[in-house]
Amino acid sequence: MRYFPLFFCSLLLTLFSLAGSCVLVGRFLRGWLVPGSGYGAADVLIPLALGQVIVVCKVLMVRGFRLFLWPLVALLLACFMASSTVLIGRALFDVPGGVGLWELSALAMPLLALAMLHSRRYQEARALFAFRRHERQALANPGTVHRPQPPAFLNNLVERTPPGGHPRDRWIIGGLLVLSFAALVAKAWGPF
């Protein structure tokens, strides 16, 4: 329960960064490089397939497989590179319209998700998930697998965490709520 808000926020940030970069790149390609083209099957199937990859990687990370962090990092870096390339391309080709909240959020979401994946608490969660996986293996095969030692941070976990969680986590979640509210208000007042 301690790691659930951080884990869920990183999942949402990863999915939102994928959606934002797919929409931004698709809109740029349809509006500038191929004018007059409509929505295709790739506009729907590529984000759905990559969303499934994100969810499978997250589930396998919860099951204790640390290796599935790297597809998420690669996908977030690709989202950031695609969004920044589109914004630079719009500036180079003098595409009408300025940089709005949607473009900035498509650029900021992958960076926030990468920062969350690199946080100390998320690293502790991955270590705890791997420890639980080794415990399950030891219980399933009592004679073949040695008994795992718990990670060092579990010994002083209670003393280090203030009641109600760390204040930094509240700031991250509050910032995400403010960003989503600002996006809803901007969407209600006009197109991006």
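The values are calculated or read from the model by the stated rules, or taken from the named source; none is laboratory data. Small disclaimer: the values here were computed from a predicted structure and weren't measured. Methodologically, a virtual Cβ is constructed for each residue, glycine included, from the backbone with ideal geometry; neighbour enumeration extends over all protein chains shown. When the accessible area is computed, the model is the full protein with side chains, heavy atoms only, and any ligands, DNA or RNA have been set aside. Shrake-Rupley method; radii C 1.70, N 1.55, O 1.52, S 1.80 Å.
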Would it be correct to say that VAL44 is exposed (fewer than 14 other Cβ atoms within 10 Å of the Cβ), assigned to a helix (DSSP H, G or I), of a type outside the set (Phe, Trp, Tyr) and without any contact (Cβ under 8 Å) to a residue 40 or more places away in the chain? yes
Flagged in the stretch 12-29 as surrounded by fewer than 18 Cβ atoms within 10 Å (Cβ to Cβ) and of a type in the set (A, V, I, L, M), in numbering order, are LEU12, ALA19, VAL23, LEU29
Residue pairs within 6 Å by beta carbon, gap of at least six or interchain, first lying in the stretch 123-144 and in contact (Cβ under 8 Å) with a residue 12 or more places away in the chain and closer than 16 Å to VAL59 by Cα, second open to solvent by 40 Å² or more (accessible area, probe 1.4 Å) and assigned to a helix (DSSP H, G or I), listed first then second, are ARG126/ARG66; PHE129/VAL62; ALA130/ARG66
